[in-house]
Amino acid sequence: MSRYLLDKFLYTVDRDPDLVERYRSDPAGTVDWWEAEMANVLLNCHTGERSTWLAFEDDERRALVEHDHVALFALGAHPFLTLTLFIAMFERDHGPLEYQIAFGQRLRHFDLPYPDIAT
């Protein structure tokens, strides 16, 4: 499992409005494309350097494709990265703060200590 890769996906998709829309409408295609094209590009590196070993595990891919923020949290994805991306994708379908409250309610069954979010 790579919390780094999950967080990198959430971070990079959230910062590109076109990718946000693509991920909202075609999550499986976006996850596959991102993994093939972006996962091994070094973050904040503009020289074309790439690594070759990063890939999502099956449970990570499933959680991303299903927009399952509870599973992402359990896998150690950073909750703030998940929340900001999911707000960008889904808040428009809800009333004021309705999505954020529902997001938190779905996580309330977690007890301290929470899953480790250190990368």
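A short reminder: the numbers here are calculations on the coordinates, not readings from a lab. All values reported here derive from a predicted model rather than from experimental measurement. Please note: Cβ atoms are built from the backbone with ideal geometry, for glycine as well, and neighbour counts cover all protein chains shown.
When region 6-25 is examined, which residues are found to be within 17 Å of Arg92 (Cα to Cα) and surrounded by 13 or more Cβ atoms within 10 Å (Cβ to Cβ)?
Asp14, Leu19, Val20, Glu21, Arg22, Tyr23, Arg24
Which of the residues belonging to region 2-17 are of a type outside the set (S, T, N, Q) and assigned to a helix (DSSP H, G or I)? Steps first, answer last, please.
Residues of region 2-17 that are of a type outside the set (S, T, N, Q), as a first pass: 3-11, 13-17.
Within region 2-17, Arg3, Tyr4, Leu5, Leu6, Asp7, Lys8, Phe9, Leu10, Tyr11, Val13, Asp14, Pro17 meet the criteria.
Within region 76-88, track down each residue that is in contact (Cβ under 8 Å) with a residue 40 or more places away in the chain and surrounded by fewer than 19 Cβ atoms within 10 Å (Cβ to Cβ).
Selection gives His78, Thr84, Ala88.
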